[in-house]
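Report on one structure; see the data block that follows.
Laboratory data are not the source of any read-out in this text; all were calculated from the coordinates shown. All values derive from a computational prediction rather than experimental measurement. Note that each Cβ is placed from the backbone with ideal geometry, even for glycine, and that neighbours are counted across all protein chains shown.
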Amino acid sequence: MIVLKNFAQLQAQEKALVYKWRTHKDVASYMRNEKISWKEHLEFLESLKGDLSKKYFLVFYGDEAIGVIDFVDICEESCEFGMYQSPNLKGYGGVLMQTLLQYAFETLKVKSLYARAFNTNTKAISLYLAYGFNFFKKDCLMSYFVKSAGEGGL
């Protein structure tokens, strides 16, 4: 059973867990802002409370926290997502992807879902393509993808 816990409702130990994952070298190396302080982390969590254009969730599979999914630039037509799994786990990328696709298309009801990945992040790029995202642009740093509602079963 998948449970999503909104970042605005995280307990202290969950905030610390997300920070630990976010700053782990295997996760941080694929973030646009690779380094973040504990203070910046807490300020970011606080900023989410009034921001309707962003949604961040800690994802639980049963009782185990497995990763984070997020949606930014949310509007009626589209949004962009991000995700990462606990650096101590393997094999949950598909669960996180299915969860975020369902949330984006069934709860947010967006028509298009966008993603980007560093060109060096071959795991993310492979995952996006495997779940029916279409590559549409590449620059010197990033590859860009889109998936429309109704494609690939969602």
Item to complete: Go through region 1-66 and name the GluC sites (Glu not before Pro) that are in a DSSP coil and have 15 or fewer other Cβ atoms within 10 Å of their Cβ.
Response: GLU34
Worksheet entry | Computed Rg/Rh of the chain, alpha carbon atoms with Kirkwood Rh | 0.93
Response to the item:
HN-Hα couplings for region 73-89 via Karplus (6.51, -1.76, 1.60; θ = phi - 60°), in whole Hz with x for Gly/Pro, come out as 6, 6, 9, 4, 8, 7, 7, 10, 10, x, 7, 7, 9, 3, x, 8, 10
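Relative contact order for region 1-117: what is it in percent, counting Cα pairs under 8 Å that are at least 6 residues apart?
Details: 155 pairs, mean separation 28.3, N = 117.
Answer for region 1-117 is 24 percent.
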Worksheet, complete the sentence: If the chain between GLU106 and ALA12 were fully extended at 0.36 nm per residue, the gain over the current Cα-Cα distance would be 30.8 nm
Worksheet, complete the sentence: Treating every alpha carbon of region 1-43 as one equal point scatterer without solvent, the Debye formula yields log10 I(q)/I(0) values at q = 0.32, 0.35 Å⁻¹ of -1.14, -1.20
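Can you give the FRET efficiency for TYR61 and ALA28, using 1/(1 + (r/R0)^6), R0 = 22 Å, r = Cβ-Cβ distance, to the nearest 0.05?
Working: r = 23 Å, r/R0 = 1.04.
Computed FRET efficiency for TYR61 and ALA28: 0.45.
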Item to complete: Pick out, in residue order, every one of the trypsin sites (Lys or Arg not before Pro) in region 17-78 that is DSSP loop and has at most 14 other C-beta atoms within 10 Å; say none if there are none.
Response: ARG32, LYS35
Worksheet item: How much of the DSSP beta bridge set in region 2-153 is antiparallel, as a percent to the nearest 5?
Response: 90 percent
Worksheet item: In the chain, which helices (entire DSSP H runs) extend 30 Å or more along their own long axis, judged by Cα positions, while averaging at least 0.5 on the Kyte-Doolittle scale?
Response: none
